[in-house]
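The values are calculated or read from the model by the stated rules, or taken from the named source; none is laboratory data. Values in this document were obtained by computation on a predicted structure and should not be read as measured data. Positions of Cβ are generated from backbone atoms using ideal geometry, with glycine treated the same way; all protein chains shown enter the neighbour counts. The area values use the complete protein model at the heavy-atom level, side chains included, leaving out ligands, DNA and RNA. Shrake-Rupley method; radii C 1.70, N 1.55, O 1.52, S 1.80 Å.
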Amino acid sequence: MGAAGIVLRDVHKAYFKDRLEIPVLAGLNLEIAPGEFAALMGPSGSGKSTLLHLVGGLDTPTRGSVRVGESQLESMSESALTAWRSRHVGFIFQMYHLVPVLTAAQNVELPLLLFRMASSERKRRVQTALSIVGLGDRTDHRPNQLSGGQEQRVAIARAIVTDPDVLLADEPTGDLDARTSEEILNLLNALNTEFGKTIVMVTHDPRAAGHAGRTLHLDKGVLDREEVNARKTAAASAS
Amino acid sequence: MDLLLTLLLRNLGRNPRRSALTVAAVAMPVVILVLSFTIVAQLNRFLDDSAAQLRLAVAHKTSIINPLPYGHKARIAALDPQKRDIIAVVGIAWIGGVLANDREPLTTMGVDADEFPIAFTDHLLTQQEREAWQRDRRALIVGRSTAAKMGWKVGDRVTIRASIPPYSEFSFNVISTAPKAIDPVANWCHLSYVFEERARSGLPESSVDLVSFLFVKCSGRAALERYRVEIDRLFENTPDETQTQDEKAFLNQFISQQFDLPTNLTLLALITIAVAVLAAANTMNMSFRDRIGEAATLRALGFSARFGAWLSLTESVLLCGIGGCVGVLAPVIAFGYTPIGDVQIPLIVRLEIGPGVCVVALTLALAIGTIAGAWPAIQGGRLRVIDALRSLE
Ligand SMILES: Nc1ncnc2c1ncn2[C@@H]1O[C@H](COP(=O)(O)OP(=O)(O)OP(=O)(O)O)[C@@H](O)[C@H]1O
Ligand SMILES: [Mg+2]
């Protein structure tokens, strides 16, 4: 599947608590090109996760348009969004969210249950995804027998096994030490450069953001500035 | 989908103690249900067998514990001198009975020796038995389960003390253990022997020739219906009016007088079922809350709300289904293959748990699972994915 671009136009998102409107996003505009790796930074509570959820079709904007690839998400029903997610996005969470009673391979296989596919084909895809993330040999371990870094690799394998256009990662290294974070970021980088996945990664860590091609800064409901990572751009044009 | 099955089964084993308690909570009412249905069904079969015997039971109208004058027998017989409709009239005097060294009460009754084999054909099977019965005024037919319990055999001499005044001691010769009798408990002796003992003990003459009931063997359904009414009419406005019923109604009244078994057992089963639903629902709710993050993750991956609901519901039904199997197998094994099966239940020879009641009980267990799983399933369907995800961070 080819990479998809992301276009947000005048996106508003507000939550209601006790009839009180809490505006989170206020007229946000954003364009991410197909195959881009973007980092999203901003203070806590600025709406980074909210934005990621909108792009991933987990939530819908109060106003404005969200387009991912060919799909106009704001006009889709809940069940259409659910089906869309299974084909077009892969989520990576800070706390991995693996199913504890299933092995690494079974966790990765899970999203493939949503596809009509021969069991042998499923197994082959699971094996491929696990070897891409560098876990070809720990496939029978349960999450509690894996380290945090390994759990996140399993989660990434689960996100890519359906070959989605877009990967959405919410603080994927937030719970990992520096060295493991570096490994995970390199892995995301490889998925971006070698497999052409469009990636949006939320992070609090500027060094993590440095792995992305562009860093977007979210504040007070809008993107107030962005910076292009020179090192990354140089590396990309050199390859 | 073997991965789905794996997920379901592993989820069941996730909190083994909780699952085990739920299985037990479901198994218990299933056991009660299986036993009560079986007992009630066997009682009904016993009553139906009695009904097929075409006998009327004549008791005192005031109360079944009031005795009737033995003279009623001749007057009833005189209603049909040709014996076309009324084949035999049998006087029955209940003497109960206890053994010298045993407190267990017995059910012993004196009956008209000549008519008994005609009216109660299921008790004396062989020519030999019938001859022994007629010849020996101390003959005793012992119910087969009573015989088994007491270790009595044909040819034994047993002494029984009556449970009612004048508490005479009777000395009997066991001549049959009635292997085919519908009633496996009751013992039968000669009525004349009972009257003799009463007279000998010095009871006033008016208290000697009394019977507890009269049984009237009829030739067919029509005769049964006709004399059910006519006998009572015959004694209308006399000091000893009668109440005549068919044997099924008569016995049923006896059983329910002691303890309304069907109603009580049903009530008990209903209460435990309600408890099981609560226990299972509680388990499923706790499991659901424990796994809310997983439910949200599955949704993020693209699984539908309906799938989440299905997962909860299936787990609940599976868990309760296991409880149902345990609840069915426990009594089947206990009563079929262990000494528990020898336990005595009045009027029931041996509990035989049929396949029908097992199916009903299993269905019930699955219904408990469905009800218990419904709430978490609805919750799962309504789950707001982003809120659930956020609650985990
Ligand atoms: N369901 C909700 N109801 C009310 N307010 C909400 C809800 N979800 C989010 N918010 C509010 O929206 C704002 C943005 O939340 P969001 O999680 O997107 O921030 P974030 O940038 O991801 O923060 P963090 O860096 O802490 O993860 C916060 O103020 C939060 O309290
Ligand atoms: Mg966040």
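The table that follows gives values for the structure above.
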item	result
Inter-residue pairs, beta-carbon under 7 Å, first within 14 Å of another protein chain (Cβ to nearest Cβ) and in region B:366-393, second polar (S, T, N, Q) and within 12 Å of ligand 1 (Cβ to nearest atom), 6+ apart	B:Glu393/A:Gln94
Single match in A:Leu112, A:Leu54, A:Leu81 (criterion: within 16 Å of ligand 1 (Cβ to nearest atom), in contact with a Ser or Thr (Cβ under 8 Å, 6 or more places away or on another chain) and not in a loop (DSSP other than H, G, I, E, B))	A:Leu54
Pair list, Cβ < 6 Å and 6+ apart or interchain, from region A:48-62 residues that are more than 12 Å from chain B (Cβ to nearest Cβ) to residues that are within 11 Å of ligand 1 (Cβ to nearest atom)	A:Pro61/A:Lys13; A:Pro61/A:Leu54; A:Thr62/A:Lys13; A:Thr62/A:Ala14
Selection status of A:Arg116, among the basic types (Lys, Arg) and open to solvent by 60 Å² or more (accessible area, probe 1.4 Å)	yes
Hits in region B:360-393 - residues which are in contact with a helix residue (DSSP H, G or I) (Cβ under 6 Å, 6 or more places away or on another chain) and within 16 Å of ligand 2 (Cβ to nearest atom)	B:Val385, B:Ile386, B:Ala388, B:Leu389, B:Leu392
Residue among B:Asp48, B:Asp102 that is within 30 Å of B:Glu230 (Cα to Cα), of a type in the set (D, E, K, R) and at pLDDT below 90	B:Asp48
Where B:Thr146 falls short, out of the listed (1) in a helix (DSSP H, G or I); (2) of a type in the set (Val, Ile, Thr); (3) open to solvent by 40 Å² or more (accessible area, probe 1.4 Å)	(3)
Selected residue (criterion: most open to solvent (accessible area, probe 1.4 Å)) from residues of region A:86-113 that are of a type in the set (S, T, N, Q) and farther than 17 Å from B:Ala388 by Cα	A:Gln106
Filter result for the condition that a residue is surrounded by fewer than 21 Cβ atoms within 10 Å (Cβ to Cβ) and under 18 Å from the mean Cα position of the chain (by Cα), over A:Gly136, A:Gly174	A:Gly174
Contacts under 8 angstrom Cβ, first residue in region B:159-172 being of a type in the set (Phe, Trp, Tyr), partner open to solvent by 50 Å² or more (accessible area, probe 1.4 Å), 6 or more apart	B:Tyr167/B:Arg161; B:Phe170/B:Arg138; B:Phe170/B:Thr159; B:Phe170/B:Arg161; B:Phe172/B:Arg138; B:Phe172/B:Arg157; B:Phe172/B:Thr159
Residue in region B:228-249 that is within 14 Å of chain A (Cβ to nearest Cβ) and open to solvent by 40 Å² or more (accessible area, probe 1.4 Å) present	no
Selection status of A:Ser46, over 28 Å from A:Asn107 (Cα atoms) and part of a loop (DSSP other than H, G, I, E, B)	yes
Selected residue [open to solvent by less than 10 Å² (accessible area, probe 1.4 Å), of a type in the set (A, V, I, L, M) and in contact with a strand residue (DSSP E or B) (Cβ under 6 Å, 6 or more places away or on another chain)] from B:Ala269, B:Ala296, B:Ala300	B:Ala300
Qualifying position, being open to solvent by 10 Å² or more (accessible area, probe 1.4 Å), among the small types (Gly, Ala, Ser), in contact with a Gly (Cβ under 9 Å, 6 or more places away or on another chain) and under 27 Å from B:Asp2 (Cβ atoms), among A:Ala83, A:Ala3, A:Ala26, A:Ala33	A:Ala83
Residues located in region A:191-224, provided they are surrounded by fewer than 17 Cβ atoms within 10 Å (Cβ to Cβ) and more than 16 Å from ligand 1 (Cβ to nearest atom)	A:Thr193, A:Glu194, A:Phe195, A:Gly196, A:Arg207, A:Gly210
